[in-house]
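The values are calculated or read from the model by the stated rules, or taken from the named source; none is laboratory data. All figures in this text were calculated on a predicted structure; none of them were measured in a lab. Glycine also receives a Cβ, built like all others from the backbone with ideal geometry; neighbour counts cover every protein chain displayed.
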Amino acid sequence: MRRRPKYSIIKKTKIGRFSRVYDQVNLYGGKIGKNTKIDAFVYVEEGVTIGDNCKIRPFVFIPTGVTIEDDVFIGPSVTFTNDKYPRAHGEWKLLQTRVKKFASIGARSVINPGVTIGENALIGSGSVVTRDIPDNAIAFGNPARVVSATISPRVALARARTTKGSTRP
Ligand SMILES: CC(C)(COP(=O)(O)OP(=O)(O)OC[C@H]1O[C@@H](n2cnc3c(N)ncnc32)[C@H](O)[C@@H]1OP(=O)(O)O)[C@@H](O)C(=O)NCCC(=O)NCCS
């Protein structure tokens, strides 16, 4: 890890080289890959795996059962979930959620438990993802619907841009 944040709680977590964890982050019993950025106020529960070269923006919640592969972008205030029928007491069933490599999830989206977001898929801001999203699709809305089965050249170009403004710290 590149810097050790003073006001974060990091326990039993393996963090790869060149990764950065900012302040007010909770990490417990999970694994973070190399060169991944975890911004402030991110809460990650036990056993979560986050891959290499990911960017997790502020105020993200990632509970147990979520796996995030390499090169994934998670926008600010994205909320993952892991229990479809939650209640305060008794047994519950953990559902596994997966975000495949190079996917991006727009700000404030909610990801229902048990879904898979496909490789290189793009989820628009404010979406509620209730079903699997195929590889390379663009989806948005509540519930999120696929609006494009492929990433158009225009969007691909915009995502690939390395000019000022797209290189977030
Ligand atoms: C989904 C997204 C990639 C679509 O971008 P785009 O292909 O350029 O689409 P446009 O902006 O041309 O919008 C096309 C239509 O979809 C609608 N739309 C776009 N994004 C939407 C969203 N997130 N939710 C609902 N509708 C949306 C627009 O209102 C527009 O509708 P209209 O044709 O009726 O006016 C983009 O809007 C988005 O949400 N990006 C994520 C932003 C984000 O969270 N970034 C995090 C970094 S801080």
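Side notes on the structure shown:
- Total residues in segment 96-112, condition at positive phi and buried (at least 18 other Cβ atoms within 10 Å of the Cβ): 1
- Scanning segment 131-148 for residues that are near the ligand (Cβ under 10 Å from one of its atoms), closer than 19 Å to Arg159 by Cα and of a type outside the set (Phe, Trp, Tyr) turns up Ile138, Ala139, Val147, Ser148.
- Any hit, segment 120-143, residues being exposed (fewer than 13 other Cβ atoms within 10 Å of the Cβ) and in contact with a Pro (Cβ under 9 Å, 6 or more places away or on another chain): no
- Residue within segment 88-98 that is under 25 Å from Gly33 (Cα atoms) and touching a Phe, Trp or Tyr at 6+ places or on another chain (Cβ under 9 Å) present: yes
- If the condition is being on the phi > 0 side of the Ramachandran plot and either surrounded by 23 or more Cβ atoms within 10 Å (Cβ to Cβ) or among the charged types (D, E, K, R) (or both), then segment 46-80 contributes only Asp71.
- Check on Val155, among the β-branched types (Val, Ile, Thr) and either closer than 26 Å to Val25 by Cβ or within 17 Å of the chain's Cα centre (by Cα) (or both): no
- Considering (1) within 23 Å of Arg20 (Cβ to Cβ); (2) within 11 Å of the ligand (Cβ to nearest atom), the lone condition that Lys101 does not fulfil carries the number (2).
- Only one of Tyr22, Tyr28, Tyr7, Tyr43 that is among the hydroxyl-bearing types (Ser, Thr, Tyr), out of contact with any strand residue (DSSP E or B) (no Cβ under 7 Å at 6 or more places or on another chain) and free of Cβ contacts under 8 Å to residues at least 40 places away in the same chain: Tyr7
- With respect to the stated conditions, Arg17 is touching a Lys or Arg at 6+ places or on another chain (Cβ under 9 Å), modelled with pLDDT of 95 or more, surrounded by fewer than 16 Cβ atoms within 10 Å (Cβ to Cβ) and not β-branched (Val, Ile, Thr).
- Pro86 within 21 Å of Pro143 (Cβ to Cβ) and part of a loop (DSSP other than H, G, I, E, B): yes
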